[in-house]
Amino acid sequence: MTILVENRAGYRVITLNRPERLNALTAKMASALTEALGAAEADPECRALLLTGAGRGFCAGQDLTAIADARPAEIAALLEQYNPLIRRLRALSIPIVCAVNGVAAGAGANLALACDIVLAARSASFVQAFTRIGLVPDCGGTWFLPRLVGAARARALAILAEPLPAETAAEWGLIWQAVADEELMPNAETLAGRLATQATAAVALTKRALDASESNTLDAQLDLERDLQAKAAQSLDFAEGLRAFLDKRPPVFGKTRS
Ligand code: LHQ
């Protein structure tokens, strides 16, 4: 099994599972991952996801042994398998936490950056490894990097392909937090568990608003926020959130997304 899926209370853990190759990606694995995202989204009891890697690496990007004899057109065609994965991740209606347990290189780094909240072990690093082997960043790297760390850092990271330690990644805003290695999974599980008890519909709408802001004017964004607020205000979660505040008690949001 190239990926493992485990059910927890309110969320699922997806583990990239080719540890002997630092979880390097194959087209088959990308399809399995895309399917697992769809299955999680289709389950109303699943209100968050946690993505991590087995063994000492998070993901070393494309499995280079699998493309050793590939023609240029086949290399480009491979992205037809990876792009749906990145699109699905970004469009997911439930939040996804990424626990980067070790090196995240090439497409593996950008897979992590496509997630909503990225935690990394202090010993982990992020490498836009592509130019080292004569390729260009893919899987959204050239879109995520400048938006997360600014143009100057994005250029150096993409062109120099040097590893960025987790703590610097957090300082630069590439990721949410770097934590002690032994705290990574406990923290990530706590976070996913917490997301599974939040107002799931409001989280989904918040993600949509933030994504739209990447290309919207302020005018358009203000209109979108008004429209999304109208939707959120109709939810049972809002009724509960407001009532709980007024009653001075913690809210209990719906157990499912439906
Ligand atoms: C690997 C890999 C790997 C296979 C480590 N493949 N075996 C491109 C083309 C087409 C479409 C889709 O998208 C892409 C995008 C891409 O992702 S291109 C970029 C691909 N990734 C890389 O260039 C990174 C290659 N790996 C490395 O530079 C190093 O392995 C890193 C820096 C990730 C980790 O270094 P170390 O911690 O020193 O580990 P290692 O190099 O000793 O790796 C451990 C094993 O994993 C080793 O196998 P072995 O049999 O010797 O124990 C590696 O060969 C294998 N491995 N990455 N991508």
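Some observations on this one:
- By the Cβ distance rule (another cysteine Cβ under 4.7 Å), the unpaired cysteines of the chain are C46, C59, C139.
- Base-10 log of normalised Debye intensity for segment 1-90 (one unit scatterer per alpha-carbon) at q = 0.17 Å⁻¹: -0.73
- Unit Cα scatterers, Debye sum, segment 200-247: log10 I(q)/I(0) for q = 0.16, 0.28 Å⁻¹: -0.49, -0.98
- Antiparallel %, DSSP beta bridges [both residues in segment 1-115], to 5: 35
- Packing-based order for 110-123, 229-242, using average beta carbon neighbours within 10 Å, highest first: 110-123, 229-242
- Computed about the Cα centre, the dipole magnitude for the chain is approximately 200 debye when only Lys and Arg (+1) and Asp and Glu (-1) carry charge, each at its Cβ.
- Lysines whose Cα lies under 18 Å from that of K231, excluding same-chain neighbours fewer than 8 positions away: K207
- Pairs of Cα atoms in segment 93-219 fall into 10 Å distance bins, from 0 up to the last occupied one, in shares of 13, 41, 33, 12, 1 percent.
- Over the chain, DSSP H runs of length four or greater, each weighted -39,500 (n - 2.57), average out per residue to a 222 nm ellipticity of -15000 deg cm²/dmol.
- The rule of thumb for compact globular proteins, 2.2 N^0.38 Å, goes into the C-alpha radius of gyration of the chain 1.04 times.
Values in this text are rule-based calculations from the coordinates and carry no lab data. All values reported here derive from a predicted model rather than from experimental measurement. Positions of Cβ are backbone-derived with ideal geometry, glycine not excepted, and every protein chain shown enters the neighbour counts.
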